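Colleague: Take this structure first; my questions come after.
Values in this text are rule-based calculations from the coordinates and carry no lab data. Small disclaimer: the values here were computed from a predicted structure and weren't measured. With ideal geometry, Cβ positions are generated from the backbone for all residues, glycine too; neighbour counts draw on all protein chains shown.
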Amino acid sequence: MSFALPSHAFFWKKKNKALEAELQGKGYAGTLPDIGKEREGGTTAKKGTPLFEVKDGFNDPKDLKPVPRDNPAFVDIIQKQDKTSEYVKDANDLIPMLEKLMDCIEDEENVQLFVTKANLLTMNIDHIMEKYDGQPECCYESFKKLAEVNRYVKSISTLRREAVTYQRYLAYTESGSIYNPENINQQLEYLKEELNAAILLLREES
């Protein structure tokens with residue numbers, strides 16, 4: 001054992017020298033950069049050119065465009081949509097017309113003003129009647145009441161127009177009694193009650 005160890009060590013020493021001679025000149029022959037030197041020199045990366053030019057005052061509130069509140073796309077999509085049904089909106093538009101006709105009766109305005117306001121109301125009610133005919137809305141109490149009011153307004157409006165023309169000729173006949181002021185005033189009072197009932201019903205359903 002004492003003779004084997006020195007011979008074994010001599011063998012590996014000789015093998016290492018042969019390997020060193022074989023690898024001579026086969027490594028990296030260049031020079032590595034001195035990183036420390038570049039840091040001391042304060043070298044920095046080159047700045048790139050921006051893709052978009054920066055505009056002065058980009059965030060200036062004066063240059064911001066106003067919100068497109070009149071744009072249906074903004075109103076219907078961006079803003080929270082109103083859950084009120086289209087029928088309720090249409091019916092509520094009638095309330096000011098109903099109120100104006102009531103005021104016309106209470107203020108005893110002339111026939112011409114009454115007929116003008118009555119025609120405007122009946123035209124709008126006719127539109128709603130046609131629009132929702134056969135639809136579920138035609139079963140609403142307010143829809144039925146508007147249909148009744150529409151008939152009354154048309155009837156009394158015709159009565160008042162005819163009274164102006166025929167009253168002087170039919171004053172002393174049986175058929176002329178429907179045109180006398182007392183009968184017309186009774187009809188107007190009844191119409192006023194119906195108008196008020198329609199207004200209350202529309203407000204309850206809105």
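Colleague: Let me know the charge dipole size of the stretch 86-205 about its Cα centre in debye, to the nearest 20, where only the beta-carbon of Lys, Arg (+1) and Asp, Glu (-1) is charged.
Modeller: Dipole about the Cα centre, nearest 20: 380 debye.
Colleague: Computed from the mean reciprocal separation of all distinct C-alpha pairs, what Kirkwood hydrodynamic radius does the stretch 86-205 have, in Å?
Modeller: Result for the stretch 86-205, one decimal place: 15.0 Å.
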